[in-house]
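Scroll down for the structure; my scribbles are underneath it.
The values are calculated or read from the model by the stated rules, or taken from the named source; none is laboratory data. Because the structure is predicted, anything quoted here is derived from the model rather than measured. Note that each Cβ is placed from the backbone with ideal geometry, even for glycine, and that neighbours are counted across all protein chains shown. When the accessible area is computed, the model is the full protein with side chains, heavy atoms only, and any ligands, DNA or RNA have been set aside. Shrake-Rupley method; radii C 1.70, N 1.55, O 1.52, S 1.80 Å.
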Amino acid sequence: MLAALRRAESLDGILVVLGAHEVATDAQTVHCAEWELGPGASLRCGFAALPEDVEAAVVVLADGPDLDPRAVDRIVESWRAEGGEAVAATYAGVRLHPLLLARAVWPDVPDDGARALPARLVACDDLTPPGDVDVRR
C-alpha cells in the first residue's frame, strides 16, 4: 500500500497512523493512543498531526493491498476541480478507498469512521479495487 501511495503523483506526503500494532516503516508515523475507540479516532489522530496549511487528507486502509495510485490521483484531481468535503472512489458502484476528506469535515468524523459521512463519488471502474487482506484467498 505504501508503494502505491508513493507512486501517486498528487500527494505531498504520507502519514501512517499506528494503534494496536507498532509497524516498522520508513514513512512518517503517529501513534493513536485512543485507537480502541474506533477508526474515526485513528483518523482524528492523523488529522491532528498534519500541518495547519493542509487543506485535505487522502485516507486509505493499510490492509488494501491492491490500491491503485491512479485512484488516489483521480479523487484528488476531482476535488481540486470540483471541491467538496468528502470525495470517495467507487468500483462497480461500491464506495471504497481512497477517500479524500477536506479539513472542514475532519471534526465530524465519528468514532466508527468516515463511511457515515456523505461523499461525492468518483468512478474508478476501470481500476482494480484496493482489496482487503482480511478477505483475500
Inspect region 30-45 for any residue being open to solvent by less than 20 Å² (accessible area, probe 1.4 Å), assigned to a helix (DSSP H, G or I) and either in contact (Cβ under 8 Å) with a residue 24 or more places away in the chain or charged (D, E, K, R) (or both) and give the result as yes or no.
-> yes
Give me the pairs, please: first residue somewhere in region 75-89 and in a helix (DSSP H, G or I), second residue anywhere and open to solvent by less than 20 Å² (accessible area, probe 1.4 Å) and of a type in the set (Ser, Thr, Tyr), beta-carbon distance under 8 Å, and either six or more positions apart or on two chains.
-> Val76/Ser10; Glu77/Ser10
Scanning region 47-104 for residues that are at positive phi and open to solvent by 70 Å² or more (accessible area, probe 1.4 Å) gives Ala92
Output for region 101-129, where each listed residue is part of a loop (DSSP other than H, G, I, E, B) and within 10 Å of Arg44 (Cα to Cα) | Val109, Pro110, Asp111, Gly113
